[in-house]
Amino acid sequence: MPTDTDAQKRAAAEAAALLVADGDRVGLGTGSTVAYLLPALAARRLTLRCAVTSPATEDLARTLGLEVAPLDEIGELDIAIDGADQVTPDGWLIKGGGAAHTREKIVAAAARRFVVIVSADKAFPALTPPVPLEILRFGARLTLERSAPAALRDVPLSPDGNLIADYLGEVGDPAELAARLSATPGIVEHGLFPPAMVHDVLVGTASGVERRALN
Ligand code: 5RP
């Protein structure tokens, strides 16, 4: 039985599918919201080349008949669409609930337009922990100590076989925390996405899809 949240995710995903144009090179994120995007995109029967951020997204995209190619082969993307765990009014995101945030950040950075699709429960006044971290196995204990407070997550590995942990301290100024985490050896990538990376946020709400244009 679909919940209200499911309906909101679906509405945001279907609105995002309409932003894709024939011939576009499209980045596809990971997660339950993106799982609503893929059928909506496939139903439009456009000619697209898609770069994917996880095996799960790749499997579903191929099953639905979407053309998938390696990101390096496609190069720059016209648009990338992905979910998020938290979105603030000024456009900061936390991503990585599905352990794919490193690939998702690479794909978002490759896109001329990055569109975020969320249900209303993902809209937060300010970011709160946890912040996902992808960590190299080598020296992982030391990396976690340097990132304290942080803990390994009890989930599968990242799509590239690295460990997934969560930073559990206060976020405070997200730019400062992002700089600190980026400067910590052993952290492959953190789940803080800056507003400069985000072009539109589509929020599914009880009364329809609210669009926040950022860049
Ligand atoms: C995966 C992600 C997802 O986009 C995020 O966790 C949201 O997932 P969902 O759409 O299932 O709520 O960052 O790494």
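Can you work out the accessible area per residue across the chain, with the rest of the protein chains kept in place, probe 1.4 Å, in square angstrom?
Heavy-atom accessible area per residue stands at 45 Å².
Between A196, V87, T53, whose Cα lies farthest towards the positive end of the dipole of the chain when Lys and Arg beta carbons carry +1 and Asp and Glu beta carbons carry -1, centred on the Cα centre?
Of the candidates, T53 comes out farthest on the positive side.
In the chain, once you exclude exposed GluC sites (Glu not before Pro) (DSSP loop, at most 16 other Cβ within 10 angstrom), what's the longest stretch remaining?
Maximal segment without exposed cleavage sites: 77-169.
Full-extension gain between E67 and S182, please, as 0.36 nm times their residue separation minus the C-alpha to C-alpha distance.
That works out to 38.1 nm of additional length.
Using every Cα-Cα pair within region 26-83, state what percent have a distance larger than 12 Å.
60
Using alpha-carbon pairs under 8 Å, 6+ residues apart, how would you state the relative contact order of the chain in percent?
RCO, the chain: 23 percent.
So, with +1 on the Cβ of K and R and -1 on the Cβ of D and E, and no other charges, what is the size of the charge dipole of the chain about its Cα centre, to the nearest 20 debye?
That gives the chain a dipole magnitude of about 120 debye.
Ignoring ligands, DNA and RNA, please state the percent of accessible area on the chain from carbon and sulfur, probe 1.4 Å.
55
Measure of size requested: the Rg and Dmax of region 150-215, with Cα atoms as the atom set and Å as the unit; please supply both.
Taking only Cα atoms of region 150-215, I get Rg and Dmax of 15.4, 45 Å.
What figure, in Å² to the nearest 10, do you get for the accessible area of K122 with a 1.4 Å probe and non-protein molecules left out?
30
Express in nm, to one decimal, how much length is gained between A7 and E76 on full extension, taking 0.36 nm for each residue of separation and deducting their alpha carbon distance.
Full extension of this stretch gives 21.7 nm more.
For region 32-71 and region 162-215, write down the distance between their C-alpha centroids in whole Å.
One Cα centre to the other: 23 Å.
Give, as ranges by residue number, the residues of region 58-96 whose backbone N falls under 18 Å from the point 7 Å along Cα→Cβ of N215.
It comes to 75-96, nothing else.
May I ask you to work out the translational diffusion coefficient for the chain at 37 °C, viscosity 0.692 mPa s, via Stokes-Einstein with Rh from the Kirkwood sum over Cα pairs, reported in whole µm²/s?
Value of D from the Cα-based Kirkwood radius: 190 µm²/s.
If you stretched the chain out fully between L18 and T47, how much longer would it get, using 0.36 nm times the residue separation minus the C-alpha to C-alpha distance?
Separation in residues times 0.36 nm, less the Cα-Cα distance, equals 9.1 nm.
Considering only protein heavy atoms, what is the solvent-accessible area of V115 at a probe of 1.4 Å, reported in Å² to the nearest 10?
Counting only protein heavy atoms, V115 exposes about 0 Å² to solvent.
Pick from G97, G27, G169: which residue has the top mean-square fluctuation in a GNM of the chain where Cα pairs under 10 Å get a spring?
Of G97, G27, G169, the most mobile in the Gaussian network model is G169.
The values are calculated or read from the model by the stated rules, or taken from the named source; none is laboratory data. These numbers come from a predicted model, not from an experiment. A quick note on method: Cβ atoms are made from the backbone with ideal geometry, for glycine too, and the neighbour counts reach across all protein chains shown. What goes into the accessible areas is simple: the full protein's heavy atoms, side chains included, and nothing from ligands, DNA or RNA. Shrake-Rupley method; radii C 1.70, N 1.55, O 1.52, S 1.80 Å.
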